[in-house]
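Presented below is the structure to which this report refers.
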Amino acid sequence: MAEISPTESAASSKSNESAFALAGRFMFYWASLEAELNKGIHRLLGLSGTDAFVATANLSTRDKVNLIRTLVNFYGVADETWRIVADKTVLAVSAMGGDRNFVAHTQFFPESDGSLVFFAVKAKGKFSLPEVKWSERDIFQKCSRMIDLKDDLKA
């Protein structure tokens with residue numbers, strides 16, 4: 001078993017556990033939302049059982065979004081309202097993907113107020129270290145948005 005370094009030990013203090021739980025909460029709701037994307041693909045393609053899981057197992061979120069949008073636009077010809085709403089919903093899920101990637105791939109540190117400060121590095125032509133801070137309220141709002149989008153996908 002690996003030993004915890006002094007830095008990791010300080011970061012795991014009880015006062016910081018809520019911040020770590022916030023990141024976990026965000027990722028939980030993202031996984032639930034992505035599972036609903038999978039179900040949408042399964043339904044639109046008429047897949048079930050193992051076939052359904054295999055079809056979506058190795059697709060990135062971008063690929064899932066592109067596939068669903070194509071299917072929605074193909075099958076939605078007869079119901080323009082459904083097509084527009086479904087396409088808009090899937091695009092909104094896609095937009096949340098940036099936050100998911102940010103949380104999953106950016107180191108963060110808990111603040112004493114329970115918020116998360118991310119060590120964001122920008123290095124595309126120019127270098128910067130922007131301060132990105134998500135409060136507990138920010139994260140709960142993002143999670144609420146994911147819940148709403150999941151419900152919209154079900155519809």
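In the elastic network of the chain, a GNM with C-alpha springs shorter than 10 Å, the most mobile of Lys88, Lys124, Lys39 is Lys124. Which pairs break 23 Å Cα to Cα here: Lys64/Lys126; Lys133/Lys154; Lys88/Lys150? Violating the 23 Å Cα-Cα cut-off are Lys64/Lys126; Lys133/Lys154.
Set against the labelled values (i) 15.6, 47; (ii) 17.6, 70; (iii) 18.8, 62, Rg and Dmax of the Cα atoms in Å computed from this structure falls on (iii). Apolar share of the accessible surface for the chain: 56 percent from carbon plus sulfur atoms, 1.4 Å probe.
Only helical DSSP H runs with n ≥ 4 go in: add -39500 (n - 2.57) per run for the chain, normalise by residue count and round the 222 nm mean residue ellipticity to 500 deg cm²/dmol. Kindly include the intermediate steps, with their values, before the conclusion.
Working: 6 runs with 107 residues, N = 155.
About -23500 deg cm²/dmol.
Taking amide H as placed 1.01 Å from N in the peptide plane, Leu59 has no amide H partner under 5 Å among residues 5 or more places away or on another chain.
What's the FRET efficiency of Leu91 with Leu44 using the Cβ-Cβ distance as r and R₀ = 22 Å, to the nearest 0.05? After rounding, the FRET efficiency stands at 0.85. Rounded to 0.05, the FRET efficiency of the Asn73 and Phe53 pair, given R0 = 22 Å and the Cβ-Cβ distance, is 0.35. Residue-wise HN-Hα couplings along the range 56-64, as the Karplus relation 6.51 cos²θ - 1.76 cosθ + 1.60 with θ = phi - 60° gives them from phi, are 10, 4, 10, 8, 6, 4, 4, 5, 4 Hz; Gly and Pro carry x.
Counting Lys and Arg as +1 and Asp and Glu as -1 over every other residue whose Cβ lies under 15 Å from the Cβ of Asp63, the net charge comes to +3. Projecting the Cα atoms of Ala35, Asn73, Phe118 onto the charge dipole of the chain, computed from C-beta unit charges around the Cα centre, puts Asn73 farthest toward the positive end.
The values are calculated or read from the model by the stated rules, or taken from the named source; none is laboratory data. Predicted, not measured: the structure shown is a model, and the values here were computed from it. For neighbour counting, all protein chains shown are included, and Cβ atoms are generated from backbone atoms with ideal geometry for every residue, glycine included. When the accessible area is computed, the model is the full protein with side chains, heavy atoms only, and any ligands, DNA or RNA have been set aside. Shrake-Rupley method; radii C 1.70, N 1.55, O 1.52, S 1.80 Å.
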